[in-house]
Protein chains: 2
Amino acid sequence: MSTPSRRFFLGGALGAAGLAAAGGAGFSIARADEPEAQAAGRGTVPFYGAHQAGIATPAQDRLAFAAFDVTSANRDDLRTLLARWAAAASQMAAGLPIGAVETSPDAPPIDTGEADGLDASKLTITVGFGPSLFDHRFGFAPKRPAALADIPALPGDALIEDISNGDLCVQACANDPVVAFHVIRNFARLARGTAVMRWSQLGFGRTSSTSTAQATPRNLLGFKDGTRNIKAESEDEMREFVWVGAETDQPWMKGGSYAVTRRIRMRIESWDTDYLSDQEKVIGRSKTSGAPLTGSGEFDPPELDKRAKDGSHVIDVNAHIALASPLTNANKKILRRGYSFTDGIDQATGLLDAGLFFIAYQQDPRTQFVPIQRKLGQHDLLNEYIQHTSSGVYAVPPGLTGPGDYYGKALFA
Amino acid sequence: MSTPSRRFFLGGALGAAGLAAAGGAGFSIARADEPEAQAAGRGTVPFYGAHQAGIATPAQDRLAFAAFDVTSANRDDLRTLLARWAAAASQMAAGLPIGAVETSPDAPPIDTGEADGLDASKLTITVGFGPSLFDHRFGFAPKRPAALADIPALPGDALIEDISNGDLCVQACANDPVVAFHVIRNFARLARGTAVMRWSQLGFGRTSSTSTAQATPRNLLGFKDGTRNIKAESEDEMREFVWVGAETDQPWMKGGSYAVTRRIRMRIESWDTDYLSDQEKVIGRSKTSGAPLTGSGEFDPPELDKRAKDGSHVIDVNAHIALASPLTNANKKILRRGYSFTDGIDQATGLLDAGLFFIAYQQDPRTQFVPIQRKLGQHDLLNEYIQHTSSGVYAVPPGLTGPGDYYGKALFA
């Protein structure tokens, strides 16, 4: 198969209209005055590079996540889609529409327009491939990485298939929710005829810091979350735990990572009636300060062996932080990048359908997320208050090298 | 019935623990460093005053809205609830938790904690009463304002009862979604045993400006929305169209307003395939600039009578802005304060469940929202692309005068 021409990309990015004027320059769309354009949270994140943005990028405040199923069995359709997405993503990451809003009156606008005039707001777009993409349809089976194993059934799972898995995933993160939503909407539109959105999830507040420059946020349990998370500044840990390297059986994944997503519903009404002392026992930390129960400062290392005078562990052996700690997980870590969510009232119960949409990046889920979650699912004191209702795992390929590159190009070679 | 004591309020706000140390002072909760605390979007909005905040307040970026049904038929229970809400709201509006997170280890934390360390982010909390609150249960029937009439069936309605109406409503707006969500969660918690949340709606981007200092945002149709909205700086219009005055049959509502909410789902996939010229015809404005089709600047007044050379109206007589214009509505206006929403994928159709959660404040829905929407529902070209799926109308009483006051105090007199 020949290399796609430049026209292929532009035609893809711009849809049927395929105007020659496009490609990232030449738009003259008036932008709203931005007197605070220098404020934190605004500006662009570089799109091209060794890794896809949205993994090591300091976690933005808002998430729009979507999984897609490919409905065409035509390999060229899929290739066109992935090239369209790449071209569109490069535009949006630069704070530009994916194409002109005003072209011909006799054509639909190329960009849907709702983000017009908004700052890029640190937008990152991260694309991944689910295990099902490597089935018989596209001839990708020989290129399926061993690390992209299906997530096995785990203790306590209450998964809903309609909102789990998917052939493709898109994680859009930004400090403006309209900017993030604009991505998944336009990706869905570019996919028409080739793929359909399978499920989506909005997140309204980050629940992890991924940079030493960020304060630790709180999740909907009211506790600080992600105190001991991998920070992107720790290049050694990123190399050891997050980025795919020489260990992979699939060289096309080098520089990539594996995303695991879990929609974790919290029984917050029950949690809210629990005593402070029990909440702190369940988590293993002090609620207000975030300090481990063995320390006084948020960043004091938890002392899991420390005993009280009566001989009991100060941090319960089944406390969430004890079971999730690298100390009890063969020193394995994952990079968490989750968001709080609420999807309104569960009409069946009258309870809030809210919780944490967990996203974690890692080098190999088989030795990182899966064993950690197996143990948590069995023993975590927190299980009384949470339920995993959705699961996904995706191979996130390395970053795109420049305007000629597209997601999964190596799969089509 | 005697006047509630101060203890009544504090006890209410603080739940069973009812600590004497509370009441807005004395919390020593560490707050995250806020180097940009002076940036726009942060800080507090005064809570007490002639009107409830959240109506004339410049529209914040995020919404958490909830409607509640009162499950107790006991008038004192309802009064206690409304006093608890008032005390809690005053705390949260000041950027404080509703009570201590760390009190006794043997009690649940009073505040759920997720907003701890976050700035008030211009939080406003606005409480209203639905028509059903004035039924036989609490003896309020003689105090039901005539303007709080049930919204009649309107052309094109596709209302879902489970997400419509309700005895009470709470609109929480802030520039941080966690701060807004924190309000409805804690209100639900304070209501336990007396009222249950009936439905809720998150909004992720304001779709109206309500101040001359704000730029006009875009809705999910990609068009600027609210260009001709009432601006709070126009005191004459606020008095004529928004605030309840001497015209009311219920003096307790003076200084209040009436909120109408409509969840307007947009068929965005269809809209996105519509030609630019047709989109602009439907709305009556230019997509990028927001100018009416008879002008060149966003704020040029639409000329509804202007004809093209072929004799046709330049702005279609059934264009959205033509039908919604005060010029064709007996010069009536409403204050719009809506938000974009998306609630994921409609599993039945695979389409995005997204649109605009419309909120409008007015002096009398019978002569403002209802006739305008009746006409829009019949003739608006936009009807091909939208559907009203939820409806609510609420009497929003005036502002609270100070710490002794509570929502609906006059109803219990």
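The values are calculated or read from the model by the stated rules, or taken from the named source; none is laboratory data. Everything quoted here is computed from the prediction, not taken from an experiment. Note: ideal-geometry Cβ built from the backbone for every residue, glycine included; neighbour counts use all protein chains shown.
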Total residues in segment B:313-352, condition under 20 Å from the mean Cα position of the chain (by Cα), within 23 Å of A:Val178 (Cα to Cα) and among the charged types (D, E, K, R): 3
Can you find a residue that is within 30 Å of B:Tyr275 (Cβ to Cβ) and at pLDDT 95 or above anywhere in segment A:151-168? yes
Boolean, A:Ala89 is away from chain B (no Cβ under 14 Å), of a type outside the set (D, E, K, R), under 30 Å from B:Gly290 (Cβ atoms) and out of contact with any His (no Cβ under 6 Å at 6 or more places or on another chain): yes
Taking segment A:192-208 on its own, how many of its residues are part of a loop (DSSP other than H, G, I, E, B), within 11 Å of chain B (Cβ to nearest Cβ) and not β-branched (Val, Ile, Thr)? 2
Restricting segment B:326-353 to residues that are among the charged types (D, E, K, R) and farther than 28 Å from B:Asp272 by Cα, which is nearest to the other protein chains (Cβ to nearest Cβ)? B:Lys333
Consider B:Ser132 carefully, then state whether it is touching a residue at least 24 places away in the same chain (Cβ under 8 Å) and within 16 Å of B:Ala66 (Cβ to Cβ). yes
A careful count of residues in segment A:271-326 that are on the phi > 0 side of the Ramachandran plot and crowded, with 21+ Cβ neighbours inside 10 Å gives 2
Quickly run through segment A:91-110 and pick out the residues that are in contact with a Gly (Cβ under 7 Å, 6 or more places away or on another chain) and of a type in the set (Ser, Thr, Tyr). none
Would you mind finding the one in A:Asp405, A:Asp346, A:Asp380 that is within 25 Å of A:Asp69 (Cα to Cα) and of a type in the set (D, E, K, R)? A:Asp405
When you scan segment B:77-86, do you find a residue that is within 21 Å of B:Gly130 (Cα to Cα), acidic (Asp, Glu) and either touching a helix residue (DSSP H, G or I) at 6+ places or on another chain (Cβ under 9 Å) or modelled with pLDDT under 95 (or both), even just one? no
Tell me yes or no: at least one residue of segment B:348-364 is within 25 Å of B:Ser209 (Cβ to Cβ), among the charged types (D, E, K, R) and either crowded, with 19+ Cβ neighbours inside 10 Å or in contact with a Ser or Thr (Cβ under 7 Å, 6 or more places away or on another chain) (or both). yes
Consider A:Thr367 carefully, then state whether it is surrounded by fewer than 17 Cβ atoms within 10 Å (Cβ to Cβ) and either more than 14 Å from chain B (Cβ to nearest Cβ) or touching a residue at least 60 places away in the same chain (Cβ under 8 Å) (or both). yes
Tally the residues that are within 14 Å of chain B (Cβ to nearest Cβ) and outside any loop (DSSP other than H, G, I, E, B), restricting the search to segment A:221-236. 1
Among the residues of segment A:155-182, how many are within 12 Å of chain B (Cβ to nearest Cβ), outside any loop (DSSP other than H, G, I, E, B) and under 26 Å from B:Leu220 (Cα atoms)? 9
Given the options B:Leu202, B:Leu221, name the one that is more than 17 Å from the chain's Cα centre (by Cα) and among the aliphatic types (A, V, I, L, M). B:Leu221
Could you check, for segment B:139-154, whether at least one of its residues is away from every other protein chain (no Cβ under 12 Å), in contact with a Lys or Arg (Cβ under 7 Å, 6 or more places away or on another chain) and of a type outside the set (Gly, Ala, Ser)? yes
Per the list (1) within 25 Å of A:Ile163 (Cα to Cα); (2) of a type in the set (D, E, K, R); (3) surrounded by fewer than 23 Cβ atoms within 10 Å (Cβ to Cβ); (4) more than 9 Å from chain B (Cβ to nearest Cβ), residue check on A:Arg239 breaks on (1)
Scan of segment A:353-402 for residues that are among the hydrophobic types (A, V, I, L, M, F, W, C), part of a helix (DSSP H, G or I) and more than 20 Å from A:Phe223 (Cβ to Cβ), ordered by number: A:Phe369, A:Val370
Could you list, in sequence order, all residues of segment A:331-342 that are in contact (Cβ under 8 Å) with a residue 40 or more places away in the chain and either exposed (fewer than 14 other Cβ atoms within 10 Å of the Cβ) or in a strand (DSSP E or B) (or both)? A:Leu335, A:Arg336, A:Tyr339, A:Ser340, A:Phe341, A:Thr342
In segment A:103-129, how many residues are outside any strand (DSSP E or B), more than 12 Å from chain B (Cβ to nearest Cβ) and either of a type in the set (Ser, Thr, Tyr) or without any contact (Cβ under 8 Å) to a residue 40 or more places away in the chain (or both)? 0
Residue within segment B:70-85 that is of a type in the set (Gly, Ala, Ser) and under 13 Å from B:Asn186 (Cα atoms) present: no
Condition met for B:Ala259 (crowded, with 17+ Cβ neighbours inside 10 Å, under 21 Å from the mean Cα position of the chain (by Cα) and of a type in the set (Gly, Ala, Ser)): yes
Given (1) within 11 Å of another protein chain (Cβ to nearest Cβ); (2) of a type outside the set (A, V, I, L, M); (3) in a loop (DSSP other than H, G, I, E, B), index of the condition A:Thr212 fails: (1)
